[in-house]
Amino acid sequence: MTDPQPIIVWFRQDLRLADNPALHYAAQSGRPVLPVFVLDDVTPGTWKAGGATRWWLHHSLTHLSASLRARGAPLLLLRGPGDAVIGDLAEKMGAAEVVWNRCYEPFAIERDSRLKAVLKGRVKASSFNAALLNEPWEVLTGQGTPYKVFTPYWRTALSVTAPDQPLPAPGRLTPCRTQPDGDALSDWTLLPTRPDWAAGFRRTWADGQGVGEAAAAARLTHFLAHGAVTYAAGRDVPGIDGTSRLSPHLHFGEISPRQVWHAARVAGAAGGDGLKTQLDSFLRELGWREFCHSLLYHFPTLPERPLSPSFESFPWVNDDKALAAWQRGQTGYPIVDAGMRHLWATGWMHNRVRMIVGSLLVKHLLLPWQAGEDWFWDTLVDADLANNAAGWQWIGGCGADAAPYFRVFNPVLQGQKFDPDGRYVRHWVPELKHMPDKYVHAPWTAPPMVLRGAGITLGRDYPAPIIDHALGRQRALDAFATIRGGDPVQPA
(Lines give C-alpha, C1' and ligand atoms only; values in the text may rest on other atoms or scores of the structure.)
Protein backbone atom coordinates (compact mmCIF):
# COMPACT_ATOMS: atom_id res chain seq x y z
CA MET A 1 0.00 0.00 0.00
CA THR A 2 1.46 3.30 -1.07
CA ASP A 3 1.63 6.22 1.31
CA PRO A 4 -0.86 9.04 0.67
CA GLN A 5 0.86 12.06 -0.85
CA PRO A 6 1.86 14.36 2.05
CA ILE A 7 1.86 18.10 2.42
CA ILE A 8 5.25 19.51 3.36
CA VAL A 9 5.01 22.44 5.76
CA TRP A 10 8.23 24.43 5.55
CA PHE A 11 8.77 26.30 8.82
CA ARG A 12 10.98 29.40 8.71
CA GLN A 13 10.28 32.46 10.89
CA ASP A 14 6.94 31.09 12.08
CA LEU A 15 7.93 28.73 14.87
CA ARG A 16 4.47 28.29 16.39
CA LEU A 17 1.32 26.23 16.01
CA ALA A 18 -1.39 28.85 16.65
CA ASP A 19 -2.18 31.40 13.95
CA ASN A 20 0.08 29.59 11.52
CA PRO A 21 -1.78 29.74 8.18
CA ALA A 22 0.46 27.26 6.37
CA LEU A 23 0.15 24.66 9.13
CA HIS A 24 -3.59 25.31 9.49
CA TYR A 25 -4.07 24.78 5.76
CA ALA A 26 -2.12 21.53 5.84
CA ALA A 27 -4.00 20.24 8.87
CA GLN A 28 -7.35 20.97 7.22
CA SER A 29 -6.38 19.11 4.04
CA GLY A 30 -6.67 15.67 5.62
CA ARG A 31 -3.36 14.63 4.09
CA PRO A 32 -0.31 13.48 6.03
CA VAL A 33 1.69 16.47 7.24
CA LEU A 34 5.47 16.63 7.11
CA PRO A 35 6.78 19.63 9.09
CA VAL A 36 10.31 20.66 8.09
CA PHE A 37 12.84 23.24 9.19
CA VAL A 38 15.91 23.88 7.05
CA LEU A 39 19.03 25.52 8.42
CA ASP A 40 20.36 27.43 5.43
CA ASP A 41 23.74 28.93 6.19
CA VAL A 42 25.31 28.22 2.83
CA THR A 43 23.28 30.13 0.22
CA PRO A 44 25.25 33.16 -1.05
CA GLY A 45 23.68 36.48 -0.21
CA THR A 46 21.88 35.13 2.84
CA TRP A 47 22.26 37.06 6.10
CA LYS A 48 23.29 34.06 8.15
CA ALA A 49 22.07 33.95 11.74
CA GLY A 50 24.39 35.56 14.27
CA GLY A 51 25.53 33.91 17.47
CA ALA A 52 22.70 35.26 19.63
CA THR A 53 19.95 34.26 17.22
CA ARG A 54 21.46 30.81 16.81
CA TRP A 55 21.19 30.39 20.60
CA TRP A 56 17.52 31.42 20.50
CA LEU A 57 16.83 29.26 17.44
CA HIS A 58 18.09 26.15 19.23
CA HIS A 59 15.62 26.60 22.07
CA SER A 60 12.76 27.70 19.83
CA LEU A 61 13.15 24.60 17.66
CA THR A 62 13.29 22.45 20.79
CA HIS A 63 9.88 23.76 21.89
CA LEU A 64 8.37 23.61 18.39
CA SER A 65 9.57 20.05 17.91
CA ALA A 66 7.99 18.96 21.19
CA SER A 67 4.68 20.63 20.28
CA LEU A 68 4.53 19.00 16.86
CA ARG A 69 5.51 15.60 18.20
CA ALA A 70 2.71 15.83 20.77
CA ARG A 71 0.30 16.31 17.86
CA GLY A 72 1.63 13.31 15.99
CA ALA A 73 3.86 14.88 13.34
CA PRO A 74 7.54 15.18 14.31
CA LEU A 75 9.64 18.03 12.97
CA LEU A 76 12.19 17.07 10.33
CA LEU A 77 15.47 18.99 10.54
CA LEU A 78 17.54 19.38 7.38
CA ARG A 79 20.47 21.57 6.40
CA GLY A 80 21.48 23.18 3.12
CA PRO A 81 20.14 25.63 0.52
CA GLY A 82 16.48 25.98 1.44
CA ASP A 83 14.99 25.83 -2.05
CA ALA A 84 17.15 22.88 -3.13
CA VAL A 85 16.53 20.92 0.08
CA ILE A 86 12.76 21.38 -0.04
CA GLY A 87 12.63 20.66 -3.78
CA ASP A 88 14.54 17.41 -3.32
CA LEU A 89 12.39 16.42 -0.35
CA ALA A 90 9.18 17.04 -2.29
CA GLU A 91 10.38 14.75 -5.06
CA LYS A 92 11.60 12.05 -2.67
CA MET A 93 8.34 12.02 -0.70
CA GLY A 94 6.06 12.34 -3.73
CA ALA A 95 4.51 15.37 -2.05
CA ALA A 96 1.18 16.67 -3.21
CA GLU A 97 1.92 20.17 -2.02
CA VAL A 98 4.50 22.35 -0.33
CA VAL A 99 3.28 25.23 1.85
CA TRP A 100 5.04 27.97 3.78
CA ASN A 101 4.52 31.37 5.33
CA ARG A 102 6.13 34.25 3.52
CA CYS A 103 9.38 35.98 4.47
CA TYR A 104 10.19 39.41 3.09
CA GLU A 105 13.98 39.60 3.07
CA PRO A 106 15.28 39.99 -0.50
CA PHE A 107 17.27 36.73 -0.40
CA ALA A 108 14.20 34.89 0.95
CA ILE A 109 12.02 36.22 -1.86
CA GLU A 110 14.58 35.07 -4.44
CA ARG A 111 14.86 31.66 -2.75
CA ASP A 112 11.12 31.13 -2.66
CA SER A 113 10.78 32.18 -6.29
CA ARG A 114 13.39 29.62 -7.28
CA LEU A 115 11.52 26.91 -5.37
CA LYS A 116 8.20 27.78 -7.01
CA ALA A 117 9.88 27.58 -10.42
CA VAL A 118 11.31 24.13 -9.59
CA LEU A 119 7.96 22.83 -8.31
CA LYS A 120 5.83 24.36 -11.08
CA GLY A 121 3.84 21.78 -12.98
CA ARG A 122 4.86 18.99 -10.61
CA VAL A 123 3.97 19.92 -7.04
CA LYS A 124 1.51 22.56 -5.92
CA ALA A 125 3.12 25.39 -3.93
CA SER A 126 1.19 27.80 -1.70
CA SER A 127 2.41 30.61 0.55
CA PHE A 128 0.62 32.63 3.22
CA ASN A 129 1.01 35.78 5.30
CA ALA A 130 1.78 34.92 8.91
CA ALA A 131 4.27 37.66 9.82
CA LEU A 132 2.55 40.99 9.13
CA LEU A 133 -0.76 42.72 9.69
CA ASN A 134 -0.66 43.97 6.11
CA GLU A 135 1.37 42.87 3.12
CA PRO A 136 3.97 45.45 2.01
CA TRP A 137 2.21 45.93 -1.31
CA GLU A 138 -1.11 46.69 0.37
CA VAL A 139 -0.07 49.95 2.09
CA LEU A 140 0.94 52.51 -0.53
CA THR A 141 0.58 56.23 -1.13
CA GLY A 142 -2.16 57.63 -3.35
CA GLN A 143 0.38 57.52 -6.19
CA GLY A 144 1.01 53.83 -5.63
CA THR A 145 4.49 54.33 -4.20
CA PRO A 146 5.87 53.09 -0.87
CA TYR A 147 5.80 55.38 2.12
CA LYS A 148 9.08 56.75 3.48
CA VAL A 149 7.54 58.48 6.50
CA PHE A 150 6.02 56.44 9.28
CA THR A 151 3.04 58.50 10.46
CA PRO A 152 1.20 58.62 7.11
CA TYR A 153 2.16 55.00 6.54
CA TRP A 154 0.55 53.93 9.80
CA ARG A 155 -2.50 56.09 9.21
CA THR A 156 -3.05 54.36 5.87
CA ALA A 157 -2.27 50.93 7.30
CA LEU A 158 -4.95 51.37 9.95
CA SER A 159 -7.47 52.20 7.25
CA VAL A 160 -6.62 49.39 4.83
CA THR A 161 -8.27 46.47 6.60
CA ALA A 162 -8.79 45.11 10.08
CA PRO A 163 -6.33 42.29 10.86
CA ASP A 164 -7.85 38.84 10.57
CA GLN A 165 -8.68 36.94 13.72
CA PRO A 166 -5.89 34.54 14.71
CA LEU A 167 -6.27 30.92 13.67
CA PRO A 168 -6.40 28.21 16.33
CA ALA A 169 -3.60 25.71 16.76
CA PRO A 170 -4.33 22.42 14.99
CA GLY A 171 -5.31 19.34 16.94
CA ARG A 172 -4.02 15.93 15.96
CA LEU A 173 -1.90 15.92 12.79
CA THR A 174 -1.72 12.95 10.43
CA PRO A 175 1.93 11.91 10.16
CA CYS A 176 3.68 10.38 7.16
CA ARG A 177 3.91 6.60 7.43
CA THR A 178 7.51 6.77 6.29
CA GLN A 179 9.61 9.38 8.05
CA PRO A 180 12.71 10.51 6.14
CA ASP A 181 16.03 10.75 7.93
CA GLY A 182 17.05 14.15 9.23
CA ASP A 183 19.52 15.82 11.53
CA ALA A 184 19.50 15.91 15.30
CA LEU A 185 19.31 19.47 16.62
CA SER A 186 22.56 18.92 18.48
CA ASP A 187 24.27 18.26 15.13
CA TRP A 188 23.93 21.93 14.29
CA THR A 189 25.94 23.18 17.31
CA LEU A 190 23.81 26.31 17.58
CA LEU A 191 24.78 26.75 21.22
CA PRO A 192 28.22 28.13 22.16
CA THR A 193 30.82 25.77 23.55
CA ARG A 194 34.14 27.48 24.23
CA PRO A 195 34.03 30.19 25.20
CA ASP A 196 30.58 29.81 26.70
CA TRP A 197 29.28 33.37 26.41
CA ALA A 198 25.64 32.46 27.01
CA ALA A 199 25.47 32.29 30.81
CA GLY A 200 23.63 35.61 30.91
CA PHE A 201 21.27 34.44 28.17
CA ARG A 202 20.34 31.42 30.26
CA ARG A 203 19.64 33.58 33.31
CA THR A 204 17.64 36.13 31.32
CA TRP A 205 15.58 33.70 29.30
CA ALA A 206 15.07 31.04 32.00
CA ASP A 207 17.57 28.57 30.55
CA GLY A 208 15.60 28.42 27.31
CA GLN A 209 12.19 28.11 28.97
CA GLY A 210 11.62 31.80 28.24
CA VAL A 211 11.83 30.96 24.54
CA GLY A 212 9.09 29.47 22.38
CA GLU A 213 5.39 29.80 21.70
CA ALA A 214 4.17 29.24 25.27
CA ALA A 215 6.71 31.72 26.65
CA ALA A 216 5.65 34.31 24.08
CA ALA A 217 1.99 33.96 25.04
CA ALA A 218 2.89 34.23 28.74
CA ARG A 219 5.00 37.32 28.09
CA LEU A 220 2.15 39.02 26.24
CA THR A 221 -0.30 38.17 29.03
CA HIS A 222 2.09 39.54 31.66
CA PHE A 223 2.62 42.76 29.73
CA LEU A 224 -1.08 43.39 29.18
CA ALA A 225 -1.78 42.79 32.87
CA HIS A 226 1.10 44.87 34.23
CA GLY A 227 3.40 46.86 31.94
CA ALA A 228 0.68 48.15 29.60
CA VAL A 229 -0.86 50.34 32.30
CA THR A 230 2.09 52.73 32.24
CA TYR A 231 3.51 51.87 28.81
CA ALA A 232 3.61 55.33 27.23
CA ALA A 233 5.95 56.63 29.95
CA GLY A 234 7.56 53.40 31.10
CA ARG A 235 8.74 52.31 27.64
CA ASP A 236 11.52 54.94 27.75
CA VAL A 237 12.90 53.93 31.16
CA PRO A 238 15.47 51.14 30.77
CA GLY A 239 15.77 50.48 34.50
CA ILE A 240 12.25 49.03 34.76
CA ASP A 241 10.32 46.27 33.01
CA GLY A 242 8.28 48.78 31.03
CA THR A 243 8.20 47.20 27.57
CA SER A 244 6.70 44.00 26.22
CA ARG A 245 10.05 42.40 25.25
CA LEU A 246 8.14 40.56 22.55
CA SER A 247 10.60 41.45 19.79
CA PRO A 248 12.49 38.11 19.69
CA HIS A 249 9.22 36.19 19.86
CA LEU A 250 7.87 38.20 16.94
CA HIS A 251 11.09 37.82 14.96
CA PHE A 252 11.06 34.04 15.24
CA GLY A 253 7.32 33.89 14.77
CA GLU A 254 6.63 32.34 18.16
CA ILE A 255 3.72 34.75 18.31
CA SER A 256 2.02 36.54 15.44
CA PRO A 257 1.28 40.25 15.12
CA ARG A 258 -2.39 39.34 14.73
CA GLN A 259 -2.35 37.61 18.10
CA VAL A 260 -0.71 40.64 19.69
CA TRP A 261 -3.07 43.06 17.96
CA HIS A 262 -6.28 41.35 18.97
CA ALA A 263 -5.14 40.60 22.53
CA ALA A 264 -4.25 44.28 22.98
CA ARG A 265 -7.56 45.41 21.51
CA VAL A 266 -9.50 43.12 23.84
CA ALA A 267 -7.49 44.29 26.87
CA GLY A 268 -7.96 47.92 25.87
CA ALA A 269 -11.72 47.54 25.49
CA ALA A 270 -11.98 45.90 28.89
CA GLY A 271 -9.65 48.36 30.63
CA GLY A 272 -11.29 51.63 29.64
CA ASP A 273 -10.04 54.69 27.78
CA GLY A 274 -6.87 55.07 29.85
CA LEU A 275 -5.57 51.59 29.07
CA LYS A 276 -6.74 51.82 25.47
CA THR A 277 -4.62 54.97 25.02
CA GLN A 278 -1.60 53.18 26.45
CA LEU A 279 -2.14 50.22 24.16
CA ASP A 280 -2.61 52.44 21.12
CA SER A 281 0.91 53.68 21.84
CA PHE A 282 2.10 50.07 22.11
CA LEU A 283 0.43 49.04 18.85
CA ARG A 284 2.08 51.98 17.13
CA GLU A 285 5.39 50.22 17.83
CA LEU A 286 3.95 47.15 16.13
CA GLY A 287 3.20 49.52 13.26
CA TRP A 288 6.85 50.59 13.15
CA ARG A 289 7.78 46.94 12.68
CA GLU A 290 5.37 46.77 9.75
CA PHE A 291 6.86 49.97 8.31
CA CYS A 292 10.38 48.52 8.47
CA HIS A 293 9.29 45.40 6.61
CA SER A 294 7.63 47.55 3.97
CA LEU A 295 10.87 49.51 3.52
CA LEU A 296 12.93 46.34 3.14
CA TYR A 297 10.49 44.88 0.64
CA HIS A 298 10.43 48.00 -1.55
CA PHE A 299 14.10 48.92 -1.06
CA PRO A 300 15.96 45.57 -0.93
CA THR A 301 19.42 47.18 -0.59
CA LEU A 302 18.37 48.75 2.74
CA PRO A 303 20.76 46.60 4.86
CA GLU A 304 23.80 47.59 2.82
CA ARG A 305 23.26 51.00 1.25
CA PRO A 306 21.82 54.27 2.57
CA LEU A 307 18.32 55.11 1.43
CA SER A 308 19.46 58.72 0.95
CA PRO A 309 21.93 58.72 -1.99
CA SER A 310 23.85 61.71 -0.60
CA PHE A 311 25.18 59.48 2.17
CA GLU A 312 27.15 57.40 -0.31
CA SER A 313 29.88 60.02 0.02
CA PHE A 314 29.67 60.56 3.78
CA PRO A 315 33.17 60.84 5.34
CA TRP A 316 32.96 57.92 7.74
CA VAL A 317 35.96 57.19 9.95
CA ASN A 318 37.79 53.86 10.13
CA ASP A 319 38.71 53.41 13.80
CA ASP A 320 38.90 49.82 14.99
CA LYS A 321 39.97 50.86 18.49
CA ALA A 322 36.93 53.09 18.95
CA LEU A 323 34.63 50.40 17.55
CA ALA A 324 36.03 47.83 19.98
CA ALA A 325 35.57 50.22 22.94
CA TRP A 326 31.94 50.75 21.91
CA GLN A 327 31.34 47.02 21.50
CA ARG A 328 32.80 46.22 24.93
CA GLY A 329 30.97 49.00 26.77
CA GLN A 330 34.11 50.97 27.50
CA THR A 331 33.30 54.38 26.01
CA GLY A 332 33.31 56.30 29.28
CA TYR A 333 29.65 57.28 28.82
CA PRO A 334 27.79 55.24 31.46
CA ILE A 335 24.40 54.96 29.74
CA VAL A 336 26.11 53.79 26.54
CA ASP A 337 28.35 51.31 28.34
CA ALA A 338 25.41 49.97 30.34
CA GLY A 339 23.49 49.35 27.14
CA MET A 340 26.34 47.60 25.37
CA ARG A 341 27.05 45.36 28.35
CA HIS A 342 23.33 44.64 28.72
CA LEU A 343 23.30 43.56 25.08
CA TRP A 344 26.33 41.30 25.41
CA ALA A 345 25.05 39.66 28.58
CA THR A 346 21.44 39.04 27.55
CA GLY A 347 21.12 39.38 23.78
CA TRP A 348 18.60 42.19 24.18
CA MET A 349 18.70 45.95 24.65
CA HIS A 350 16.07 48.52 25.55
CA ASN A 351 14.91 50.50 22.52
CA ARG A 352 15.66 53.93 24.01
CA VAL A 353 19.18 52.75 24.78
CA ARG A 354 19.56 51.39 21.24
CA MET A 355 19.05 54.93 19.98
CA ILE A 356 21.55 56.38 22.46
CA VAL A 357 24.33 53.88 21.74
CA GLY A 358 23.68 54.17 18.01
CA SER A 359 23.92 57.94 18.05
CA LEU A 360 27.28 57.82 19.82
CA LEU A 361 28.66 55.36 17.26
CA VAL A 362 27.62 57.08 14.05
CA LYS A 363 27.67 60.72 15.14
CA HIS A 364 30.21 61.24 17.91
CA LEU A 365 32.59 58.59 16.56
CA LEU A 366 31.66 58.90 12.85
CA LEU A 367 31.79 55.13 12.48
CA PRO A 368 29.57 53.78 9.67
CA TRP A 369 26.09 52.68 10.61
CA GLN A 370 26.76 49.32 8.95
CA ALA A 371 29.33 48.59 11.70
CA GLY A 372 26.62 48.97 14.32
CA GLU A 373 24.17 47.01 12.22
CA ASP A 374 26.64 44.12 11.94
CA TRP A 375 27.31 44.07 15.69
CA PHE A 376 23.61 44.09 16.53
CA TRP A 377 23.03 41.36 13.96
CA ASP A 378 25.46 39.09 15.78
CA THR A 379 24.53 39.96 19.37
CA LEU A 380 20.74 40.53 19.38
CA VAL A 381 18.33 37.65 19.87
CA ASP A 382 15.78 39.77 17.98
CA ALA A 383 18.15 40.52 15.08
CA ASP A 384 15.48 41.18 12.47
CA LEU A 385 16.92 42.33 9.14
CA ALA A 386 14.19 44.87 8.40
CA ASN A 387 14.10 46.43 11.87
CA ASN A 388 17.86 46.38 12.27
CA ALA A 389 18.60 48.03 8.92
CA ALA A 390 15.83 50.61 9.15
CA GLY A 391 16.72 51.41 12.76
CA TRP A 392 20.37 52.02 12.02
CA GLN A 393 19.57 54.13 8.98
CA TRP A 394 17.17 56.15 11.13
CA ILE A 395 19.92 56.73 13.69
CA GLY A 396 22.40 57.63 10.99
CA GLY A 397 20.08 60.16 9.39
CA CYS A 398 20.24 58.44 6.02
CA GLY A 399 17.07 56.35 6.02
CA ALA A 400 13.31 56.74 5.92
CA ASP A 401 11.76 59.09 8.47
CA ALA A 402 15.30 59.45 9.80
CA ALA A 403 16.38 61.40 12.83
CA PRO A 404 17.48 64.85 11.62
CA TYR A 405 21.18 64.90 10.95
CA PHE A 406 21.61 67.79 13.37
CA ARG A 407 20.12 65.74 16.24
CA VAL A 408 23.10 64.37 18.12
CA PHE A 409 22.02 62.77 21.37
CA ASN A 410 23.90 64.01 24.43
CA PRO A 411 24.53 60.70 26.24
CA VAL A 412 24.81 62.44 29.62
CA LEU A 413 21.47 64.23 29.30
CA GLN A 414 19.85 61.08 27.88
CA GLY A 415 21.04 59.13 30.91
CA GLN A 416 19.89 61.78 33.36
CA LYS A 417 16.47 61.99 31.70
CA PHE A 418 15.69 58.29 31.26
CA ASP A 419 17.72 56.75 34.10
CA PRO A 420 17.48 59.55 36.68
CA ASP A 421 18.30 57.41 39.70
CA GLY A 422 21.09 55.55 37.88
CA ARG A 423 19.44 52.18 38.47
CA TYR A 424 20.16 50.91 34.97
CA VAL A 425 23.74 52.18 34.91
CA ARG A 426 24.60 50.81 38.34
CA HIS A 427 23.27 47.39 37.41
CA TRP A 428 25.26 47.03 34.20
CA VAL A 429 28.29 49.17 35.11
CA PRO A 430 28.95 48.00 38.68
CA GLU A 431 32.17 50.03 38.82
CA LEU A 432 29.89 53.04 39.32
CA LYS A 433 27.57 51.53 41.92
CA HIS A 434 28.80 53.92 44.65
CA MET A 435 28.69 57.07 42.53
CA PRO A 436 26.11 59.63 43.73
CA ASP A 437 23.13 60.21 41.44
CA LYS A 438 24.45 63.66 40.57
CA TYR A 439 27.57 62.22 38.93
CA VAL A 440 26.63 58.68 37.91
CA HIS A 441 26.05 59.70 34.28
CA ALA A 442 29.14 61.91 34.10
CA PRO A 443 31.72 60.59 36.58
CA TRP A 444 34.51 62.70 35.07
CA THR A 445 32.74 65.80 36.40
CA ALA A 446 32.83 64.56 40.00
CA PRO A 447 35.27 66.21 42.45
CA PRO A 448 38.30 64.09 43.39
CA MET A 449 36.88 63.48 46.86
CA VAL A 450 33.66 62.06 45.39
CA LEU A 451 35.59 59.82 43.03
CA ARG A 452 37.74 58.51 45.87
CA GLY A 453 34.63 57.86 47.95
CA ALA A 454 33.14 55.85 45.08
CA GLY A 455 36.39 53.88 44.64
CA ILE A 456 36.94 55.26 41.15
CA THR A 457 40.13 56.34 39.48
CA LEU A 458 39.28 57.45 35.97
CA GLY A 459 41.32 55.64 33.37
CA ARG A 460 41.90 52.72 35.70
CA ASP A 461 38.55 51.65 37.18
CA TYR A 462 36.40 53.30 34.54
CA PRO A 463 37.46 55.04 31.32
CA ALA A 464 37.28 58.75 30.65
CA PRO A 465 34.90 59.65 27.78
CA ILE A 466 36.13 58.34 24.45
CA ILE A 467 35.37 61.74 22.95
CA ASP A 468 34.14 65.03 24.40
CA HIS A 469 30.46 65.48 23.63
CA ALA A 470 30.76 69.03 22.32
CA LEU A 471 33.71 68.09 20.13
CA GLY A 472 32.00 64.97 18.83
CA ARG A 473 28.80 66.84 18.10
CA GLN A 474 30.54 69.58 16.17
CA ARG A 475 32.61 67.05 14.23
CA ALA A 476 29.41 65.27 13.26
CA LEU A 477 27.71 68.48 12.12
CA ASP A 478 30.77 69.41 10.06
CA ALA A 479 30.75 65.98 8.42
CA PHE A 480 27.05 66.23 7.61
CA ALA A 481 27.62 69.64 6.06
CA THR A 482 30.06 68.12 3.54
CA ILE A 483 27.31 66.07 1.92
CA ARG A 484 24.75 68.86 2.01
CA GLY A 485 26.67 71.34 -0.06
CA GLY A 486 28.14 73.09 2.94
CA ASP A 487 24.72 74.35 4.04
CA PRO A 488 24.73 75.72 7.57
CA VAL A 489 23.44 73.22 10.08
CA GLN A 490 20.29 73.92 12.03
CA PRO A 491 20.51 74.32 15.78
CA ALA A 492 19.89 71.29 17.96
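The values are calculated or read from the model by the stated rules, or taken from the named source; none is laboratory data. Values in this document were obtained by computation on a predicted structure and should not be read as measured data. So basically every Cβ, Gly included, is an ideal-geometry build from the backbone, and we count neighbours across all protein chains shown.
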Within the range 357-379, the residues that are among the hydroxyl-bearing types (S, T, Y) and assigned to a loop (DSSP other than H, G, I, E, B) are none
For the range 14-32, enumerate the residues that are under 23 Å from A108 (Cβ atoms), surrounded by fewer than 24 Cβ atoms within 10 Å (Cβ to Cβ) and in contact with a strand residue (DSSP E or B) (Cβ under 8 Å, 6 or more places away or on another chain). P21, Y25
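Matching residues to (1) surrounded by 14 or more Cβ atoms within 10 Å (Cβ to Cβ); (2) not assigned by TED's automatic domain parsing to the domain that holds W55:
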position	(1), (2)
Y104	yes, no
D112	yes, no
G142	no, yes
T156	yes, yes
A169	yes, yes
L173	yes, yes
L191	yes, yes
Could you list, in sequence order, the residues of the range 341-356 that are of a type in the set (A, V, I, L, M), under 16 Å from the mean Cα position of the chain (by Cα) and part of a helix (DSSP H, G or I)? L343, V353, M355
Inside the range 115-138, the number of residues satisfying the requirement of being part of a helix (DSSP H, G or I) and either buried (at least 21 other Cβ atoms within 10 Å of the Cβ) or outside the structural domain of V38 (by TED's automatic domain parsing) (or both) is 1
Output for Cβ contacts, cut-off 6 Å, separation at least six or different chains, first residue surrounded by fewer than 20 Cβ atoms within 10 Å (Cβ to Cβ) in the range 228-243, second in a loop (DSSP other than H, G, I, E, B) and of a type in the set (D, E), reads G239/D419
Can you confirm whether A217 is outside any loop (DSSP other than H, G, I, E, B) and crowded, with 16+ Cβ neighbours inside 10 Å? yes
Can you confirm whether A228 is among the hydrophobic types (A, V, I, L, M, F, W, C) and at positive phi? no
Starting from residues that are surrounded by 12 or more Cβ atoms within 10 Å (Cβ to Cβ) and part of a loop (DSSP other than H, G, I, E, B), keep the ones in the range 193-205 and report whichever is nearest to the chain's Cα centre (by Cα). W205
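To keep it simple, each residue is scored yes or no on (1) assigned by TED's automatic domain parsing to the domain that holds R235; (2) out of contact with any Phe, Trp or Tyr (no Cβ under 8 Å at 6 or more places or on another chain); (3) under 30 Å from T151 (Cα atoms).
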{"position": "A400", "(1), (2), (3)": "no, no, yes"}
{"position": "R407", "(1), (2), (3)": "no, yes, yes"}
{"position": "P447", "(1), (2), (3)": "no, yes, no"}
{"position": "V450", "(1), (2), (3)": "no, no, no"}
{"position": "I456", "(1), (2), (3)": "no, no, no"}
{"position": "G459", "(1), (2), (3)": "no, yes, no"}
All but one of (1) charged (D, E, K, R); (2) under 27 Å from N129 (Cα atoms); (3) surrounded by fewer than 18 Cβ atoms within 10 Å (Cβ to Cβ) hold for E254; state the number of the condition that does not hold. (3)
Candidate set from the range 411-433 (those that are in contact (Cβ under 8 Å) with a residue 60 or more places away in the chain and surrounded by fewer than 20 Cβ atoms within 10 Å (Cβ to Cβ)); member that is nearest to R235 (Cα to Cα): F418
Would you be able to say whether some residue in the range 446-457 is at pLDDT 95 or above, surrounded by fewer than 17 Cβ atoms within 10 Å (Cβ to Cβ) and of a type in the set (G, A, S)? yes
Give all pairs with beta carbons closer than 6 Å in which a residue from the range 459-481 that is closer than 18 Å to I335 by Cβ meets a residue that is modelled with pLDDT of 95 or more and part of a strand (DSSP E or B); count only pairs at least 6 apart in sequence or on separate chains. A464/L458
Check the range 346-366 and report whether any residue there is farther than 30 Å from K148 by Cβ and surrounded by fewer than 24 Cβ atoms within 10 Å (Cβ to Cβ). yes
Among the candidates E304, E285, E290, which residue alone is over 28 Å from V229 (Cα atoms), among the charged types (D, E, K, R) and not assigned by TED's automatic domain parsing to the domain that holds Y405? E304
Determine whether the range 412-431 contains at least one residue that is of a type in the set (K, R) and either at pLDDT below 95 or not in a helix (DSSP H, G or I) (or both). no
Which pairs turn up if I take residues in the range 178-193 that are at negative phi and touching a residue at least 24 places away in the same chain (Cβ under 8 Å) and look for partners that are assigned to a loop (DSSP other than H, G, I, E, B) and among the hydrophobic types (A, V, I, L, M, F, W, C) with beta carbon separation below 8 Å, at least 6 apart in sequence or on another chain? L191/A198; P192/A198
